[in-house]
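Note sheet for the following structure.
The values are calculated or read from the model by the stated rules, or taken from the named source; none is laboratory data. The structure displayed is predicted, hence computed values, not measured ones. Here the Cβ positions follow ideal geometry from the backbone for every residue, glycine too, while neighbour counts run over all protein chains shown.
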Amino acid sequence: MWNLKFAFRSLKKSWSITLINILGFSLGLSAIFFLTQYLVNEYSYDSFQKDGDRIYRSAIKYYENGEYTGETFVYSSEVGKALKTDFPQVEDYVTVTTPIEGVFYKIDAPTKIKDYRYASTSFFDFFSFQLKQGNPQKALEAPYTMVLTESLSYTLFGNQNPMGKQLKFNEEMYTITGVAENPPKNTDIGFNMLLSFSTRYKQKNVYLGWNGGNQYVHYMKMVPGTDPIGFGNKTQSFMWKNINKEYEDIGVKDELYFQPLSRIHLSHNLDSASLRKSMIVFSAIAVLLLAIVIINFVNLFVANAGKQLKTMRIVKVHGASQANTIKLILLQISMMIMVSMLLALFLVQGFHEYFEALAGKSVPTLFESGSVFVMLLVGIVVLTTFLAAVYPSLMISSVQSSKIIKNELVMGSSGMKLKNFLVVFQFVVSIFLIVAAVTSEKQLGYMQRFDTGYDRENVLVLPLNTNEMAQKSELLKQEIGKIPEVIEVSAVSQVPYNGLTRNGYFPEGRNTPEMVNVIAVDEDFLSLLKLSLTGGDNFSKDMATDDNAYLVNAAFVRKMGWASPIGKNVQRNGDHKIIGVVKDFNFASLRSTIQPLIITNRPESGSMDYLLVKSDGHNLPRTIKDIEAKWDGVSSKSLFEYRFLDQQFEQVYKAELSMQKLLQSFSVLAILIALMGLLGLSKSAISQRVKEIGIRKVNGATVKEVLLLLNKSYIILILIAFLIAVPLAWLAMQQWLQDFAYKTELSWWVFVFAGGVTILITLATVSWHSYRAATANPVDALRNE
Amino acid sequence: MNKIQNIKNMLLQLNNIFKWVNSGGNRIFLLKDMNLEVEEGEFISIMGPSGSGKSTLLNVIGLLDNFDEGEYSFLDEPVHQLKEKHRANLYKQYIGFVFQSYHLIDELTVYENLEMPLLYKKHSGSERKAMVGDTLDRFNIVGKKDLFPAQLSGGQQQLVGVARALIGKPKLILADEPTGNLNSQQGKDIMELFKQLNEEDGVTIIQVTHSEKNAAYGSRIINLLDGRRII
């Protein structure tokens, strides 16, 4: 009780430094807490599925002429069912489609629903998603049935019971047979709506076989004790029987293997590599922040310990042991940490949305985070308290009581050295983070300004999201073309900004298929995006022969090694003559170089999926309204949507953008915390030198000279930090830039800028105290003694 | 009173004590061949110019500092052979300190400052309460018990300092220029208090002082110069 009272009053006495310390500590902790939430969330993907250790996702490795060419987990439709039939090791399976969006009609009102999937009957038995209403065994059995999530049900029907109600999708009626609890955030099998897989067999134009139609994902639950690798090896003849014997002639082989559920999210998804990279960056930032926060705490506490030293001596003279004094200091430190902790918890909850926006994805809130997070939280706090408390409590408690008589309160030189080391460390981190933030900003700007070879300004993208609209695309195109502000309209199968579908083709002179990117466009595509031909001709409506013609890009010609490509033949479901060569443009992201491309004017699905509309940009809102009017004129029941091509393009770099924002925020935070510590440090450093300053001034030192004297030591520390940070930052950034096929340079000015900013801000901060000390009347300083 | 002075128990004895520091190859003596006997109930003043070793001697006597050579027995215990813990116990039990700059803890009230030494002597809560209450009474500072040091005059602060030194009922009080920061009237009051404690309670007092007038309160004066006793 006495201890507590004493600790509280000591903290209150030096409230300004205590406040600075708590503020810096809680700011840093809140960022660390959030990063921990993020990391825990990524690690916990699908860990809630019962029997998770027996669940595997089937995946395929492609071989061409015995050579491994890639792999996928999105495959044809029949694998799951066939495996269950043929192998006793497979206890159960679920087949789902990859999540897509579509327009559904409640009576005649269209609603766009994101992330709907087809799922086979045993979905709710197999996974641990819960049904609020409906029978988990039967809900997805009959064709044309569907299950909604609670939140979707609420959006569509409010508080009404949706069971038995119907939605229309592609001119068919679906009956709602179940309502599911909203899936948690940490799952790769999330959904807003599930349609029964049996529906697939009733739909027209759906290929359900082994040879194509790759949009299905299969999960297996193995019998306990099954070795997934051994089992994978046993599927050779199974794959031969079902698919590989057809592929043998062309030298292609598909090999089946199984991915354990626990490793899917971090190792086997398409974005796993970039996710792991982000996680490494985030972990590093969290550790660095933690280090800065602890260092700062120690620095501030020790800098302010002059009073404490005196008190500890008095207490020791009166019989306190070192254990007693350690207890006193520890109590103060843990009180501060407790308050900071609570504050940090409030901050992390209060700024959750902001943090989520920074991370670029949804992360569970404090209350949604599970026990692992709580345990980590406790761990962090214990570790932090320990690290923050060890040095100050030992240093302060080990004072010799005999010094009390001579009243010596100056800290030893070892304390000074440690303090300098800690300050240098903080500056190294700050400079490093500034370099990283500026470089990533530079790379992002570089990519956004990069000349991708096509003109994306004022281009609207209209998804033809219903069958009806897709079939009427020609009419819609003509109608929109009549609007005076519209310069050009073109129908396309895909929008070329983030990669395209790849298909197998047999170019003239090749026996094995080449996987080549393909896009289907009409004759207006090239002029709309200002793409030029380097040889040959564009498609035209007049030429009947064009029906089977292809355009290719220059990269395709280079890959084939053809001197004169015009007139060469490419085979895929018949012969196609090359009639023109298009100048290379970046149809995928700038992470990769330009790949070979085939441009056709006949989409394989039979219809185009998007309209591109180029306008003059003078009055976009009005133009969009006019387009919508035309749209409704063609089909009043289709949902009108539009996007801007240039915005879509920027979306591709979302991961980089969020990484960049995160780096920026955290470098600002790190610097802010470091500066807070510096403010406290310089205050205490100067208070120890008041007498020296007084003597110097009495002997004729000017304000400028005193300022220089006081600030010199900080400049030296920053220079040392700069020398350490530059090579580290250079190496790290070099590494990071390697991911991009098109990259900016590591400019020297970025490093100079980082160092300069650090020096300027630091000087401004320490001058706050040193200027006051330098301009003070020396008589006051000396009389104080 | 007479009875105490007649028995003449030996409180402490220093025999040939040396204490030195090494500086740049030279050995600088802080205490040189120091011999001193103190009997219970004495009131001794240590005098000498700055740097003569007064404070060092006080630290050695008060078991706060070690020495390099010689023998020191306190209440017949050979201090130089004792373990740290035993020495700490001796010290806690028998010695109280009074300082020139009071050394009260600013964050604690008068009451809490008095209670502080008792915390480290394993007294129960109710014992502490009784002892602090008695001391407040005795020094007439009951009305000030909830004030903080900054709210007291220098003389009042030193009064609390003396009260704190006495609360554990020590046999020996070591005072390092106890009136150095006080004006003459306050200084006189403190010296009178020492005299009274010495005569009425039989507390042994060793004080370091620069003032002949204050030294005269004592029964014996020890003069130091360059770490040696003179006379």
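Within region A:50-60, does at least one residue satisfy the condition of being within 29 Å of the chain's Cα centre (by Cα), more than 14 Å from chain B (Cβ to nearest Cβ) and free of Cβ contacts under 8 Å to residues at least 24 places away in the same chain? No, region A:50-60 contains no residue that is within 29 Å of the chain's Cα centre (by Cα), more than 14 Å from chain B (Cβ to nearest Cβ) and free of Cβ contacts under 8 Å to residues at least 24 places away in the same chain.
Listed by first and then second residue, the pairs linking a residue in region A:215-236 that is hydrophobic (A, V, I, L, M, F, W, C) to a residue that is at pLDDT below 95 and part of a helix (DSSP H, G or I), with Cβ atoms under 6 Å apart and 6 or more places separating them unless they lie on different chains, are A:MET222/A:ARG54. Within region A:331-346, one or more residues are hydrophobic (A, V, I, L, M, F, W, C), within 14 Å of chain B (Cβ to nearest Cβ) and in contact (Cβ under 8 Å) with a residue 24 or more places away in the chain.
Scanning region A:438-473 for residues that are in a loop (DSSP other than H, G, I, E, B) and under 26 Å from A:SER607 (Cβ atoms) yields A:TYR454, A:ASP455, A:ARG456, A:ASN458, A:LEU464, A:ASN465, A:THR466, A:LYS472. Can A:SER58 be described as surrounded by 21 or more Cβ atoms within 10 Å (Cβ to Cβ), part of a helix (DSSP H, G or I) and not aliphatic (A, V, I, L, M)? Criteria not met by A:SER58.
Exactly one residue out of A:ILE243, A:ILE295, A:ILE285 is touching a strand residue (DSSP E or B) at 6+ places or on another chain (Cβ under 7 Å) and buried (at least 16 other Cβ atoms within 10 Å of the Cβ), and it is A:ILE243. Quick check: anything in region B:174-189 hydrophobic (A, V, I, L, M, F, W, C), part of a strand (DSSP E or B) and within 13 Å of chain A (Cβ to nearest Cβ)? Looking for residues that are hydrophobic (A, V, I, L, M, F, W, C), part of a strand (DSSP E or B) and within 13 Å of chain A (Cβ to nearest Cβ), one finds at least one in region B:174-189, hence yes.
Against the numbered list (1) at pLDDT below 90; (2) away from chain B (no Cβ under 14 Å); (3) surrounded by 15 or more Cβ atoms within 10 Å (Cβ to Cβ), A:SER16 comes up short only at (3). The set of residues in region A:643-661 that are under 15 Å from the mean Cα position of the chain (by Cα) and of a type in the set (S, T, N, Q) comprises A:GLN651, A:SER658, A:GLN660. Got at least one residue in region B:62-69 being touching a residue at least 60 places away in the same chain (Cβ under 8 Å), at the interface with chain A (Cβ under 9 Å from one of its Cβ atoms) and in contact with a Leu (Cβ under 6 Å, 6 or more places away or on another chain)? The answer is yes; a qualifying residue exists.
Determine whether region A:742-756 contains at least one residue that is touching a residue at least 12 places away in the same chain (Cβ under 8 Å) and under 30 Å from A:ALA344 (Cβ atoms).
Initially, region A:742-756 is screened for residues touching a residue at least 12 places away in the same chain (Cβ under 8 Å), giving A:742-744, A:746-747, A:750-751, A:753-755.
Checking which are under 30 Å from A:ALA344 (Cβ atoms) leaves us with A:754.
The answer is yes, given that some residue of region A:742-756 is touching a residue at least 12 places away in the same chain (Cβ under 8 Å) and under 30 Å from A:ALA344 (Cβ atoms).
Of all residues in region A:451-471, those that are in contact (Cβ under 8 Å) with a residue 24 or more places away in the chain have Cβ atoms under 8 Å from Cβ atoms of residues that are part of a helix (DSSP H, G or I) and of a type in the set (Asp, Glu), 6 or more apart or on another chain, in A:ARG456/A:ASP646; A:GLU457/A:ASP646; A:VAL459/A:ASP646. Scanning region A:486-494 for residues that are within 28 Å of A:VAL252 (Cα to Cα) and part of a loop (DSSP other than H, G, I, E, B) turns up at least one hit. At least 2 residues being of a type in the set (S, T, N, Q) is the threshold, and among the strands (runs of 3 or more DSSP E) wholly inside region B:1-102 those reaching it are B:10-23, B:26-39.
Of all residues in region A:23-49 being assigned to a helix (DSSP H, G or I) and surrounded by fewer than 20 Cβ atoms within 10 Å (Cβ to Cβ), which is nearest to the other protein chains (Cβ to nearest Cβ)? Filtering region A:23-49 for residues that are assigned to a helix (DSSP H, G or I) and surrounded by fewer than 20 Cβ atoms within 10 Å (Cβ to Cβ), the one nearest to the other protein chains (Cβ to nearest Cβ) comes out as A:LEU23.
Apart from one condition, A:SER237 fits all of (1) more than 15 Å from A:THR72 (Cα to Cα); (2) in contact with a Phe, Trp or Tyr (Cβ under 9 Å, 6 or more places away or on another chain); the exception is (2). The helices (runs of 4 or more DSSP H) falling completely within region A:662-777 that include 2 or more residues that are under 41 Å from the mean Cα position of the chain (by Cα) and surrounded by fewer than 15 Cβ atoms within 10 Å (Cβ to Cβ) map to A:703-737, A:748-775. In this structure, is B:PHE194 under 30 Å from B:ASP76 (Cα atoms), of a type outside the set (D, E, K, R) and more than 14 Å from every other protein chain (Cβ to nearest Cβ)? It is true that B:PHE194 is under 30 Å from B:ASP76 (Cα atoms), of a type outside the set (D, E, K, R) and more than 14 Å from every other protein chain (Cβ to nearest Cβ). Considering the conditions (1) at pLDDT 90 or above; (2) part of a loop (DSSP other than H, G, I, E, B); (3) within 34 Å of the chain's Cα centre (by Cα), A:PRO224 is excluded by exactly one of them, (3). For region B:19-50, taking the residues that are small (Gly, Ala, Ser) and free of Cβ contacts under 8 Å to residues at least 12 places away in the same chain, the one that is farthest from the other protein chains (Cβ to nearest Cβ) is identified as B:GLY25. The residues in region A:304-323 that are surrounded by fewer than 17 Cβ atoms within 10 Å (Cβ to Cβ) and either at the interface with chain B (Cβ under 9 Å from one of its Cβ atoms) or under 19 Å from B:ASN113 (Cβ atoms) (or both) can be counted, and the count is 2.
Can you name every residue in region A:670-695 that is of a type outside the set (Ser, Thr, Tyr) and in contact with a His (Cβ under 8 Å, 6 or more places away or on another chain)? A:LEU679, A:LYS683, A:ILE686 - these are the residues of region A:670-695 that are of a type outside the set (Ser, Thr, Tyr) and in contact with a His (Cβ under 8 Å, 6 or more places away or on another chain).
Within region A:291-328, the set of residues being more than 46 Å from the chain's Cα centre (by Cα), of a type outside the set (Gly, Ala, Ser) and not in a helix (DSSP H, G or I) comprises A:HIS318 only. Inspect all residues belonging to region A:625-639 and state whether any of them is in a loop (DSSP other than H, G, I, E, B) and surrounded by fewer than 16 Cβ atoms within 10 Å (Cβ to Cβ). Within region A:625-639, one or more residues are in a loop (DSSP other than H, G, I, E, B) and surrounded by fewer than 16 Cβ atoms within 10 Å (Cβ to Cβ). Right, A:ASP522: within 30 Å of A:LEU464 (Cα to Cα), surrounded by 20 or more Cβ atoms within 10 Å (Cβ to Cβ) and of a type in the set (Asp, Glu) or not? Considered against the rule, which asks whether it is within 30 Å of A:LEU464 (Cα to Cα), surrounded by 20 or more Cβ atoms within 10 Å (Cβ to Cβ) and of a type in the set (Asp, Glu), A:ASP522 comes out as yes. The residues in region B:70-89 that are without any contact (Cβ under 8 Å) to a residue 40 or more places away in the chain, under 17 Å from B:LEU174 (Cβ atoms) and away from chain A (no Cβ under 11 Å) can be counted, and the count is 2. Residues considered: A:LEU266, A:LEU275, A:LEU270. Of these, the only one that is assigned to a loop (DSSP other than H, G, I, E, B) and either surrounded by 21 or more Cβ atoms within 10 Å (Cβ to Cβ) or more than 14 Å from every other protein chain (Cβ to nearest Cβ) (or both) is A:LEU270.
Residues in region B:90-99 that are at pLDDT 85 or above and buried (at least 18 other Cβ atoms within 10 Å of the Cβ) were compared, and the one that is nearest to the other protein chains (Cβ to nearest Cβ) is B:PHE97. Applying the condition of being hydrophobic (A, V, I, L, M, F, W, C) and touching a residue at least 24 places away in the same chain (Cβ under 8 Å) to region A:681-702 and asking which residue is farthest from A:VAL302 (Cα to Cα) yields A:VAL698.
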